[in-house]
Amino acid sequence: MPDSEINLGSPLTVLRGVGPALAATLERLHLYRVEDLLFLLPLRYEDRTRLSRIGSLRPGSRSLFSGEVLLAETVYRGRRSLLVRIDDGSGQITLRFFYFSRKQQAQFKQGTSVSCFGDIRMGPGGLEVVHPEYRILRAGQEASVADALTPVYPMTEGIAQGRLRTLVAQALAMMEKNPVPDLLPADVLDEFALPSLHDALVFLHKPPPEANLEVIMGGKHPSQIRLSFEELLAHYMSLRNLRHLARKENAVALSGATDALSKFVSNLPYELTSAQKRVIEEIGADVCLPHPMMRLVQGDVGSGKTVVAATACLLAVSSGVQAAVMAPTELLAEQHWQNFSAWFSDFDVELAWLSGSQRQADRRASLEAIESGRAGLIIGTHALFQEGVQFNNLALVVIDEQHRFGVHQRMALRDKGASGNTIPHQLVMTATPIPRTLAMAAYADLDTSVIDELPPGRRAVQTVAVPDTRRAEVVERVRQACTNGQQTYWVCPLIEESEVLDYQAAEASFEMLTETLSSLRVGLVHGRMKAPAKEKVMRQFKQGEIDVLVATTVIEVGVDVPNASLMIVENAERMGLSQLHQLRGRVGRGAAQSHCVMLYKQPLGQLARSRLAILRDTNDGFLIAQRDLELRGPGELLGTKQTGLPDYRIADLVRDAELMPKVQIAAEKIQRDHPQAAIDITRRWLGDAHQYGKV
Ligand code: ADP
Ligand code: MG
């Protein structure tokens, strides 16, 4: 390629020293074009800008120093090594080599000047450095210092640090001739006081000697903020654009059902909380428009999301169209089936059930009712969007516990409902409260409603952590509680990746408790039971015919038995914060004071200890989610990896949370005033695969 045509967009092979083999290695670091090297930021830096006096060196530091060789000797204490003693007038230090050649040995003649860089540590005979980088100086030659901090890049096998440095240096030199386009408009840079892209990149690859490394390592330098800002902006704008495009689609306007709604509400055995009423209104205002709603309802466990979803379904079915409710587990779907059947018994609507474990004949009957449009309200699991399901006029999709599903499943269900030129309204519900700034980044394509109030009379679940050496005491406590008419959940250890072991552990606890608590009725439910068997046990527990329900974490989401007021969680130390909070949310649903005992195996690690302490101290789901986010990061908090939350190259949703409100403002401005920049920014960070405006 002629020089004049080489630019930042050229393939890496235009760089000196990059052949096809190295280019393939670089691809593993997701580096394809010269520009990509500019966005490969150092993990840390080394300071070779200052020559330290040997007398001032501290163990634990990584430093550059120089001096004269006093003595070089090979010793055989345990292991053959070459020791070279260096002096600069202020002090002495030993260089220690375990691997060395004859030639190296010969270099360190007494009186020779050497400059060295390495980790200073305390050795048997004072300060020493093992295998320093070093250079022999010619007579009269000064040790040279770097004019910038030395970057240390993330490594991949097959490429040395020094090689990576020279490649980035070439890219930087190319950038000086061929400026990297600054995609952030000048007014945005000004408004948020951000440095230019050029300056930010130069600073981060070659920080000046006086740069504050502590600020850089914390990710808080304006140059880093500049880049994180642009990356967050790219993702945010792409999600906002999805939302914008979705809003332009058509949906069935669900209006004229206000009297049905008041009848529904007055049939309820309780008064809705004002938070529930507010969210019902927000949903109502969305679905009466002829464009699809895309709304996320957040509410802590027990805040009463189900009934809110039911009112939305009512708006659909009383407008003569179909609504579908999808839950992540059969247990939860069955519970919804029961609740919705009761709530809708006074309304003229047929319900249909779909789940994976359903008998063929039942499934066929359901499919027929759904396809013919006879069924107005469809409840089920993932089976809802599987092949063979043909909706008649699906106008509303409700997804419960949405963090258990991926964006793709959400989209699949929506697409299934697309008919003619309309797509269904979407209501997604989650009990994992997401800190506001994270929600902005992860769900920018959705509007959010928050049910920030629990039904009256709820009392915080009292929580204790107890070592499992005191299991017998805990069993005794279960006996007492149940003898007094309370019901108990006994939740069994979660065994990562193994349903079989999960169920065996539950089985063992079930046998132990059946034997020890012979006067009580003990039941067992786990994920491998057939649906009818599960249903039967849950019904018995709900009706008070079982005192102690031994369960795997299948009961984690959604299950609602208000009379249960004691929960024992085995191996609580293995579970995440949000998961424990969800589990604990199964109790504290009735008027009685509820308790949760978290049994743990000793010794307890630091992280597990702080998790259990947080749960003991608070019942506030938002606070717990915030702590969980800090402890585990957003991927874990939002559920599986399939949440569709992107991997950020530079930004960090926890560290950079406070940027999100600014990102939101900037995004609006750029999308309004600089539409081409919006497209270019998204393409730079998300690539062509995620084309702006296409899923
Ligand atoms: P979640 O938000 O965790 O899905 P649910 O919808 O399962 O909560 O409701 C939890 C419990 O609270 C249920 O037993 C439900 O009947 C009850 N409930 C819901 N709303 C109210 C209310 N306004 N007043 C009293 N109880 C309510
Ligand atoms: Mg629920």
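The values are calculated or read from the model by the stated rules, or taken from the named source; none is laboratory data. Since the model is a prediction, treat every value here as computed from it, not as a measurement. Note that each Cβ is placed from the backbone with ideal geometry, even for glycine, and that neighbours are counted across all protein chains shown. Note: accessible area is taken over every heavy atom of the protein model, side chains too, but ligands, DNA and RNA are not part of it. Shrake-Rupley method; radii C 1.70, N 1.55, O 1.52, S 1.80 Å.
Quick check: is even one residue across region 139-149 hydroxyl-bearing (S, T, Y), under 23 Å from T25 (Cβ atoms) and either touching a Gly at 6+ places or on another chain (Cβ under 6 Å) or assigned to a loop (DSSP other than H, G, I, E, B) (or both)? No, there is no match, as no residue in region 139-149 is hydroxyl-bearing (S, T, Y), under 23 Å from T25 (Cβ atoms) and either touching a Gly at 6+ places or on another chain (Cβ under 6 Å) or assigned to a loop (DSSP other than H, G, I, E, B) (or both).
Is there a residue in region 589-609 that is within 16 Å of ligand 2 (Cβ to nearest atom), outside any loop (DSSP other than H, G, I, E, B) and not assigned by TED's automatic domain parsing to the domain that holds K305? The answer is no, given that none of the residues of region 589-609 is within 16 Å of ligand 2 (Cβ to nearest atom), outside any loop (DSSP other than H, G, I, E, B) and not assigned by TED's automatic domain parsing to the domain that holds K305.
Under the condition of being at pLDDT below 95 and within 16 Å of ligand 2 (Cβ to nearest atom), the residues counted in region 271-290 number 0. Out of M529, M567, M538, one residue alone is within 16 Å of ligand 1 (Cβ to nearest atom), open to solvent by 10 Å² or more (accessible area, probe 1.4 Å) and not basic (K, R). It is M538.
The combined condition, being among the hydrophobic types (A, V, I, L, M, F, W, C), part of a helix (DSSP H, G or I), surrounded by fewer than 21 Cβ atoms within 10 Å (Cβ to Cβ) and within 13 Å of ligand 1 (Cβ to nearest atom), is fulfilled by A342.
Check R521, R589 and return the single one that is within 16 Å of ligand 1 (Cβ to nearest atom) and among the basic types (K, R).
Only one candidate qualifies: R589.
Go through region 239-260 and give me each residue that's crowded, with 17+ Cβ neighbours inside 10 Å and of a type in the set (S, T, N, Q). If the condition is that a residue be crowded, with 17+ Cβ neighbours inside 10 Å and of a type in the set (S, T, N, Q), then N241 is the only one that fits. Only one of R85, R44, R50 is touching a Leu at 6+ places or on another chain (Cβ under 9 Å), modelled with pLDDT of 95 or more and of a type in the set (K, R). Can you tell me which? Among R85, R44, R50, only R85 is touching a Leu at 6+ places or on another chain (Cβ under 9 Å), modelled with pLDDT of 95 or more and of a type in the set (K, R).
Conditions: (1) under 47 Å from the mean Cα position of the chain (by Cα); (2) surrounded by 11 or more Cβ atoms within 10 Å (Cβ to Cβ). E157 meets all but one. Number of the miss? Result: E157 passes all but (2).
Output the residues belonging to region 316-339 that are of a type outside the set (F, W, Y), open to solvent by 50 Å² or more (accessible area, probe 1.4 Å) and not in a loop (DSSP other than H, G, I, E, B). Give the derivation first.
Restricting attention to region 316-339, the residues satisfying the condition of being of a type outside the set (F, W, Y) are 316-336, 338-339.
This time we only want the ones that are open to solvent by 50 Å² or more (accessible area, probe 1.4 Å), so: 318, 320, 338.
Result: Q338, single match.
Residue-level check: of (1) more than 16 Å from ligand 1 (Cβ to nearest atom); (2) open to solvent by less than 60 Å² (accessible area, probe 1.4 Å), Q276 misses just (1). The condition of being within 16 Å of ligand 2 (Cβ to nearest atom) and within 37 Å of the chain's Cα centre (by Cα) holds for only one of E401, E387, that being E401.
Within region 291-311, the set of residues being in a strand (DSSP E or B) and more than 9 Å from ligand 2 (Cβ to nearest atom) comprises M294, R295, L296, V297, Q298.
For L239, state whether it is assigned to a helix (DSSP H, G or I), of a type outside the set (V, I, T), away from ligand 2 (no atom under 16 Å from the Cβ) and in contact with a Gly (Cβ under 8 Å, 6 or more places away or on another chain). Steps first, please.
Numbers: assigned to a helix (DSSP H, G or I): yes; of a type outside the set (V, I, T): yes; away from ligand 2 (no atom under 16 Å from the Cβ): yes; in contact with a Gly (Cβ under 8 Å, 6 or more places away or on another chain): no.
Spelling it out, it is not the case that L239 is assigned to a helix (DSSP H, G or I), of a type outside the set (V, I, T), away from ligand 2 (no atom under 16 Å from the Cβ) and in contact with a Gly (Cβ under 8 Å, 6 or more places away or on another chain).
List, please: which pairs have Cβ atoms under 8 Å, are six or more places apart or on different chains, and start with a residue in region 524-543 that is under 18 Å from E507 (Cβ atoms) and end with one that is small (G, A, S) and open to solvent by 20 Å² or more (accessible area, probe 1.4 Å)? Taking only residues 6 or more apart or on different chains, the pairs are K530/S357. Just one of (1) at pLDDT 90 or above; (2) not assigned by TED's automatic domain parsing to the domain that holds A316 fails for C492. It is (1).
Checking each residue in region 364-383 for being in contact with a Phe, Trp or Tyr (Cβ under 9 Å, 6 or more places away or on another chain) and outside any strand (DSSP E or B) picks out S366, I370, E371, G373, H382. Within region 305-315, if we keep just the residues that are touching an Asp or Glu at 6+ places or on another chain (Cβ under 9 Å) and near ligand 1 (Cβ under 6 Å from one of its atoms), the residue that is least open to solvent (accessible area, probe 1.4 Å) turns out to be K305. The residues listed here are A439, A412, A431; of these, the one that is at pLDDT 75 or above and either surrounded by fewer than 22 Cβ atoms within 10 Å (Cβ to Cβ) or out of contact with any helix residue (DSSP H, G or I) (no Cβ under 9 Å at 6 or more places or on another chain) (or both) is A439. K177 falls short on exactly one of the conditions (1) in the same structural domain as D36 (by TED's automatic domain parsing); (2) touching a helix residue (DSSP H, G or I) at 6+ places or on another chain (Cβ under 9 Å), and that condition is (2). Against the condition within 16 Å of ligand 1 (Cβ to nearest atom), in the same structural domain as D447 (by TED's automatic domain parsing) and surrounded by fewer than 17 Cβ atoms within 10 Å (Cβ to Cβ), how does K263 come out, does it pass? No.
Among the candidates L137, L127, L164, single out the residue that is open to solvent by less than 40 Å² (accessible area, probe 1.4 Å), among the hydrophobic types (A, V, I, L, M, F, W, C) and in the same structural domain as L204 (by TED's automatic domain parsing).
Working: L137 fails: in the same structural domain as L204 (by TED's automatic domain parsing); L127 fails: in the same structural domain as L204 (by TED's automatic domain parsing).
Just one listed residue meets the conditions, L164.
When I136, I225, I216 are screened for being touching a residue at least 24 places away in the same chain (Cβ under 8 Å), among the β-branched types (V, I, T), touching a strand residue (DSSP E or B) at 6+ places or on another chain (Cβ under 8 Å) and part of a helix (DSSP H, G or I), only I216 passes. Look at region 250-275: where a residue is of a type outside the set (S, T, N, Q) and a partner is in a helix (DSSP H, G or I), sitting 6+ places away or on another chain with Cβ atoms under 6 Å, you get L254/V287; L254/L315; L254/A316; A257/L315; A260/L314; F264/L314.
Taking strands (runs of 3 or more DSSP E) as the structural unit, no element lying wholly within region 1-97 holds at least 2 residues that are open to solvent by 60 Å² or more (accessible area, probe 1.4 Å) and within 30 Å of S228 (Cβ to Cβ).
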